[in-house]
Amino acid sequence: MIDEQHQTFFSIANELEDLIQNGAAGKGVLLDEVAKLGDYAFYHLGTEESLFDEYDYPAAAEHIAAHDAFRMKAEEMMNRVRDEAGDIRDLAKETADFAGNWLMNHIFVMDKQYADFFLEKGLK
């Protein structure tokens, strides 16, 4: 389930990158896609945190602190995109790059730490 969510997240980030590269998408479309990316990221982090709680993951506090730092930065970036009066392509790209890079690092470092724990609990 978590891996599928990671794939969906990257798919949304790639859609946003494609819209930015294409150059034809207007501000409304880019705003919608940035919001979709942020909403999905927050949904995914909530899913992980629910599993931490349900299975009493011992490193939950550290992991959730990383999620909270991401949430704060992502919210700040999404607000900048929403508040921008001009062309938001650069801000949208910055947001997509930040989210994609953060998640990639998060998966390969922090999420790897819980993989064995959840497998031992019977989650796949």
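FYI, it's all coordinate maths here, none of it is from the lab. These numbers were taken from a predicted model, which means no experiment stands behind them. Cβ: placed from backbone, ideal geometry, glycine included. Neighbour counts: every protein chain shown.
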#### Entry: Mean Cα-pair separation over length for the chain, i.e. relative contact order, pairs under 8 Å, 6 or more apart, %
34 percent
### Summary
Count of lysine pairs, the chain, Cα-Cα under 19 Å, sep. 8 or more residues or interchain, comes to 7
### Task
Using a cut-off of 14 Å between beta-carbons, work out the net charge of the residues near residue 104 (Lys and Arg +1, Asp and Glu -1, residue 104 not included).
-3
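By the scheme Lys and Arg +1, Asp and Glu -1, what is the net charge of all other residues having a beta-carbon under 12 Å from that of residue 113? Provide the component values of the computation, followed by the final result.
Working: positive: 112; negative: 48, 62, 111, 116.
Result for the neighbourhood of residue 113: -3.
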### Query
Within region 94-124, whose backbone N sits under 17 Å from a point 7 Å along Cα→Cβ of residue 56?
117-123
### Task
Identify which of 42, 108, 98 has the largest mean-square fluctuation in a Gaussian network model of the chain, with springs joining Cα atoms closer than 10 Å.
108
